[in-house]
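Below: one structure, written as structure tokens.
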Amino acid sequence: MVEDPYVFGRIAAANSLSDVYAMGGEPVTVLNIVGFPAAMDKAVLREILRGGQDTVKLAGAVVIGGHTFNEKEIKYGLSVTGMVDPDKIITNAGARIGDRLILTKPLGTGVFAQIMMNEETIDADFYRVAVESMMQLNKTARDLMLEFNANAATDITGYGFLGHLQEMAEASEVRVRVYSQEIPMLPVVRELAERFIDSGVTMNETSFSSQVEWKCELHDAIRNLLWGSESSGGLLISLPADSVDLFQQKAHQLGVLAAVVGEVISGSPGTIEVV
């Protein structure tokens, strides 16, 4: 996805740590899992691990070891162990009718990945914003959702925005409404999505489309962005409506996006309507 191995390590680490944050937990220990070509310069591996180490340190966790294996393509991720107060676990099964849905990072990293893998020239501002977003930990967003008593949450990764939202709706036995015009996206990604389709779109649409109703006309590129896989995406938080304003104010002060992208409504459990 990126040329700089250090940045690659930071993104991979942030992505791996996100699952613990999505449940309100605190990462504690980390194991590196690395697939690396034996013939490649080990300086590349050193930079990947340094990037991961720096991100783990930001999270307040500790790398305690790991496993490496010879692989044709570079693979890097973390096995993360975290801790959480049993009375404060946030799952994707607690969304309540009347809640608002808050998204803490913009969509579009799947399109970014396709551009990079196609070795296309990429807009410098788009590259910078995309990389900064993927490297950003969901730690502060986690703190906010705990402070404001979120009812449910998930992180947006491989199943894309609609896939992870459908899982939340199903687990919570509710219907959700998505405000398509309010979805935050990376700069210029709407135009780029017309030419570059994330590889996760087909998988996610095939898996979840039967539970999605389109109540408005949307360009195919926008639909693809809603279906596309995200790397190190933000948290999608189901928050009581009366907490939204203060949550957004606090998030703005802390430099965290807090876009209201939908609401939880009554209706067929596990379904989504896009308006």
Calculated FRET efficiency for the pair residue 241/residue 91, C-beta based, R₀ 22 Å, to 0.05: 0.65
Quick check for me: using +1 on Lys/Arg Cβ and -1 on Asp/Glu Cβ, what's the dipole size of the chain about its Cα centre, in debye to the nearest 20? 520 debye
Between the modelled labels at residue 29 and residue 79 (7 Å from Cα along Cα→Cβ) the distance in nm is 1.1 nm
Inter-label distance, nm, simple model (7 Å from Cα along the C-beta direction), residue 173/residue 121: 5.7 nm
Residue among 87, 99, 41 with the largest mean-square fluctuation in a Gaussian network model of the chain, springs linking Cα atoms under 10 Å: 87
Return one quarter of the surface area of the convex hull spanned by the alpha-carbon atoms of segment 5-87, equal to its mean projected area, in nm². 5.1 nm²
Everything considered on the Cα gyration tensor (a ≥ b ≥ c; rounded for a/c under 1.5, else prolate if a/b is larger than b/c, else oblate), segment 167-274 must be described as oblate
Could you work out the helix-only [θ] at 222 nm for the chain, with each DSSP H run of four or more residues adding -39,500 (n - 2.57) and the total divided by the number of residues, to the nearest 500 deg cm²/dmol? -12000 deg cm²/dmol
May I ask you to compute the full-extension gain from residue 249 to residue 54, defined as 0.36 nm times their residue separation minus their alpha-carbon distance, rounded to one decimal in nm? 67.3 nm
Is the shape of segment 90-274 rounded, prolate or oblate, going by the alpha carbon gyration tensor and its root eigenvalues a ≥ b ≥ c, with a/c under 1.5 for rounded and a/b larger than b/c for prolate? oblate
Please give the FRET efficiency for residue 71 paired with residue 195, using the beta carbon to beta carbon distance and R0 = 35 Å, rounded to the nearest 0.05. 0.70
For segment 124-275, what is the percent of antiparallel DSSP beta bridges, rounded to the nearest 5? 55 percent
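None of the figures in this text is laboratory data; all of them are computed from the coordinates on show. Given the structure is predicted, the values throughout are model-derived calculations rather than measurements. For neighbour counting, all protein chains shown are included, and Cβ atoms are generated from backbone atoms with ideal geometry for every residue, glycine included.
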